[in-house]
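Participant: Got a structure for you, questions after.
Taken together, the values in this text are just the output of simple stated rules run on the coordinates, not laboratory data. Bear in mind the structure is a predicted one, so any value in this text is a computation, not a measurement. Reconstructed Cβ throughout: ideal geometry from the backbone, glycine too, with neighbour counts over all protein chains shown.
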Amino acid sequence: MSDHLHSPSTRSGPFVLARTLAWLRLCAIAGQSVAILSCVTVLKLDVPLLPLMIGVCVLAVFAAGASFRLGMPWKISEGEAIVHIAFDTLVLGYLLYFTGGAANPFVSLLLVPIALSAAALSIVGVALVAILTGVAYVLLVPYHLPLPTLGDKGLDFDLYVAGMGVNFVIMAILLGVFISNLAKAIRTQQGEVQRVRERALRDEGILAIATQAAGAAHELNTPLSTMRTLLPEIRREHAGDNALGDDLDLLDGQVERCRTILREMVAFGKAQLSQAPEQVTVAQFVHVCMERFQLLRPEADVALSVEPGTERLALRSPAGLRHAVINLLNNAVDASSLNGSAYVGFDVRADGPWLVLTVTDEGPGFDEVDDLGTLGLSDKATGLGIGLALAEATAERLDGELAASNTGHGAQMRLRLPLSVIGDHA
């Protein structure tokens, strides 16, 4: 994504500030309109109605433009957010000029932009906002029209105290609601940045493992070829030893299996480089997964369930998805074996725009679900801690999700993938 665009997950502090200002602007327009009309109709104060309403209308026009701007894809910079604050301050100063200037009890509203910017802008940005509002306050001290009075000093004082009370309530609401929401939005943004950083570190670790695996695959090809050459010679030299012949047959099968795995690794790497997905139906995809898994773990008792109608869905299966499913199945049979079971449940169904693959086991369940998918973390004595990390990385690459939960008699892994990404729409 371009640096000039923003998405809901990458909206910056200035964007959150601009959105908060937009809501405050609407509240200000409503509050100012009510206050001006109340002074004219209820209190009968001689305020300049036309200039004040012109200021409110100008603010309303700017509010409409700012709201339209928030819906555009371009990122809002800190400078643009400061321009929004400057315009709001200018309009507020204009209204205060006609209503007593610095003697108006609502003059403390000039502090609101500073409080808001402190939670979203840099130190330089906050300093600019503080200077801007400070200059506005200083100018309002000598330059303003006197605040209209009721003709009675007691009533004027009571009116001033009432204005200060209303101002206190407004400031309390702003500080208690809007600033807390602004801070919460920024904390959410920081949490998203942290999650992206953790994913990047995990992907970097997976890349390092893949690099090592490629080197190991290249080096293993030579000793496997040597063993494959020596096995027939050993069989000829000990043709009469039936027990040794059986062991040699088993060893020959294991060597051939290793060579098959290496060929699959090379084919998988080529598929990743070409970015060409495999076009299959759900039934074909599941059949291949089960065929390879049962060759890998023949002791597993798999209960396969495919929702009627789902098996005919056409997929553009990307490289790596099949390996992710096999990793989940392999982890499930390992978990079930801890309780003396070989059961693995595999459910495939379509849930609206999602393809849901659910793997269940009869193991002890998870202790810490939040730690799943952490590279190098495994509860198995022989585990490398990369199976779930690879499956989670595959899900995220396909805009899906991998969710873990305990069922009470085991654990469940649910892989949800959007059909808009993996479905064949041809």
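Participant: In what sequence, highest mean first, do 412-422, 236-246, 397-407, 141-151 appear when ranked by Cβ atoms within 10 angstrom?
Facilitator: Values: 412-422: 18.6, 236-246: 10.5, 397-407: 15.9, 141-151: 12.9.
Result, highest mean Cβ count within 10 Å first: 412-422, 397-407, 141-151, 236-246.
Participant: Right, another one. Obtain the nm distance between the two label points defined at HIS238 and LEU155 by a simple spin-label model: each point lies 7 Å from its Cα along the Cα-to-C-beta direction.
Facilitator: About 11.7 nm separates the two model spin labels.
Participant: Moving to a separate point now. So what is the relative contact order of the range 12-148, in percent, for Cα pairs below 8 Å that sit 6 or more residues apart?
Facilitator: Numbers: 132 pairs, mean separation 44.0, N = 137.
Relative contact order, the range 12-148: 32 percent.
Participant: Ok, one more. In whole Hz, with x marking every Gly and Pro, tabulate ³J(HN,Hα) for the range 112-122 from phi via Karplus 6.51 cos²θ - 1.76 cosθ + 1.60, θ = phi - 60°.
Facilitator: Listing the rounded values in order: 4, x, 5, 5, 5, 5, 5, 8, 9, 10, 6 Hz.
Participant: May I pose another question? What are the ³J(HN,Hα) values, in whole Hz, obtained from phi via the Karplus relation 6.51 cos²θ - 1.76 cosθ + 1.60 with θ = phi - 60°, for each residue of the range 153-170 in sequence order, with x given for Gly and Pro?
Facilitator: 4, x, 5, 4, 5, 4, 5, 5, 5, 4, x, 5, x, 4, 4, 5, 4, 4
Participant: Using only the Cα atoms of the range 12-148, build the gyration tensor, take square roots of its eigenvalues as a ≥ b ≥ c, and label the shape rounded, prolate or oblate: rounded if a/c is under 1.5, else prolate if a/b is larger than b/c, else oblate.
Facilitator: Working: a/c = 2.65, a/b = 1.54, b/c = 1.72.
Verdict is oblate for the range 12-148.
Participant: Another question, then. 5 Å is the cut-off here: which amide hydrogens, built 1.01 Å from N in the peptide plane, fall below it relative to THR281, excluding neighbours closer than 5 in sequence?
Facilitator: Under 5 Å from the amide H of THR281 lie the amide H atoms of LEU315, each far enough along the sequence or on another chain.
Participant: Apply the Karplus curve 6.51 cos²θ - 1.76 cosθ + 1.60, θ = phi - 60°, to the phi angles in the range 299-308 and return the couplings in whole Hz, x for Gly and Pro.
Facilitator: 7, 5, 9, 8, 9, 8, 9, 10, 4, x
Participant: Taking amide H positions as placed 1.01 Å from N in the peptide plane, with prolines and chain starts having none, which residues 5 or more places from GLY365, or on another chain, fall under 5 Å of its amide H?
Facilitator: ALA411
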